[in-house]
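Everything below concerns the one structure shown next.
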Amino acid sequence: MPTEIVIEAEDRPGMMASLGELLGACGVNIEAAAAFTQDGRGFLHFLVDQADRALGPLADAGWQVLRVQEVLTVSLDDRPGELGRFARKLAD
C-alpha cells in the first residue's frame with residue numbers, strides 16, 4: 001500500500017532536490033510529492049511505494065521524519081468537478 005512520509009526541514013533552496021536524490025539512491029519510487037513552508041520550516045510530503053527502504057537512510061542522513069502512514073489513493077478523470085462527484089459518492 002502507498003505510504004506517506006512527512007519530513008520537516010529547513011526552508012531553503014535544494015531541500016526537495018536532496019531528498020529526491022536520497023530516495024532515488026535507495027531505489028524508492030516517489031509517486032507524489034508536496035512541499036509547504038511555515039515560519040522558516042519546510043514540510044515535505046512524499047508518497048512512496050517502499051517506505052521501509054527509505055526510513056533507514058533518511059535517519060542516517062539526519063532528516064527529521066514527522067510521520068509515516070499508509071494511505072488510500074484513487075485515480076480520477078482529469079476534468080472539472082470530478083473530485084466533487086467522487087466525494088459526493090463517498091458522502092452518500
In this structure, is Phe36 open to solvent by 50 Å² or more (accessible area, probe 1.4 Å) and under 21 Å from Pro2 (Cα atoms)? yes
Could you figure out which of (1) at pLDDT 95 or above; (2) in contact with a Gly (Cβ under 6 Å, 6 or more places away or on another chain) isn't true of Asp11? (1)
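The values are calculated or read from the model by the stated rules, or taken from the named source; none is laboratory data. Note that the structure is a prediction, hence the values are computed from the model and not measured. Backbone-built Cβ (ideal geometry, glycine too); neighbour counts: all protein chains shown. The protein model used for the area step is the full one, side chains on, heavy atoms only, and it has no ligands, DNA or RNA in it. Shrake-Rupley method; radii C 1.70, N 1.55, O 1.52, S 1.80 Å.
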